[in-house]
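Okay, structure first, notes after.
The values are calculated or read from the model by the stated rules, or taken from the named source; none is laboratory data. Note that the coordinates shown come from a computational prediction; the quantities given were computed from them, not determined experimentally. Note that we place each Cβ from the backbone using ideal geometry, even for glycine, and neighbour counts take in every protein chain shown.
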Amino acid sequence: MNCLRCTNTGEWINLGKKVGSGGEADIYETNKPGFIAKIYTKQVTADTWEKL
């Protein structure tokens, strides 16, 4: 299991099972009920930030 740190809150998030993937990111379950994690596999551009 991977563990990543949230840049906004500093909280550690445990990544669980991979539940999806697409052209720009992978989606994982997390240890936080009701939340998933979208991990970008390609460089994030200004257009991507606008979508977020």
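Between a residue in region 32-48 that is under 14 Å from L4 (Cα atoms) and of a type in the set (G, A, S) and any residue that is modelled with pLDDT of 85 or more and surrounded by 10 or more Cβ atoms within 10 Å (Cβ to Cβ), which pairs come within a Cβ distance under 7 Å, given they are 6 or more apart or on different chains?
A37/I13; A37/L15; A37/Y28; A37/T30
Select from region 16-52 the residues that are among the hydroxyl-bearing types (S, T, Y) and not in a strand (DSSP E or B) and write down the one among them that is farthest from the chain's Cα centre (by Cα). If you could, list the steps in order and put the result at the bottom.
Filtering region 16-52 down to residues among the hydroxyl-bearing types (S, T, Y) leaves 21, 28, 30, 40-41, 45, 48.
Applying the additional criterion that residues be not in a strand (DSSP E or B) yields 41, 45, 48.
Values: T41: 10, T45: 16, T48: 13 Å.
Looking at residues that are among the hydroxyl-bearing types (S, T, Y) and not in a strand (DSSP E or B), I get T45.
Do we have I13 as surrounded by 12 or more Cβ atoms within 10 Å (Cβ to Cβ), part of a strand (DSSP E or B), in contact with a Leu (Cβ under 6 Å, 6 or more places away or on another chain) and among the β-branched types (V, I, T) here? Write out each step before concluding.
Values: surrounded by 12 or more Cβ atoms within 10 Å (Cβ to Cβ): yes; part of a strand (DSSP E or B): yes; in contact with a Leu (Cβ under 6 Å, 6 or more places away or on another chain): yes; among the β-branched types (V, I, T): yes.
In short, yes.
Hey, can you tell me all the residues within region 19-39 that are of a type outside the set (A, V, I, L, M) and surrounded by 12 or more Cβ atoms within 10 Å (Cβ to Cβ)?
Start the filter on region 19-39 by keeping residues that are of a type outside the set (A, V, I, L, M), which leaves 20-24, 26, 28-35, 38.
Matches in region 19-39: S21, E24, D26, Y28, E29, T30, N31, K32, K38.
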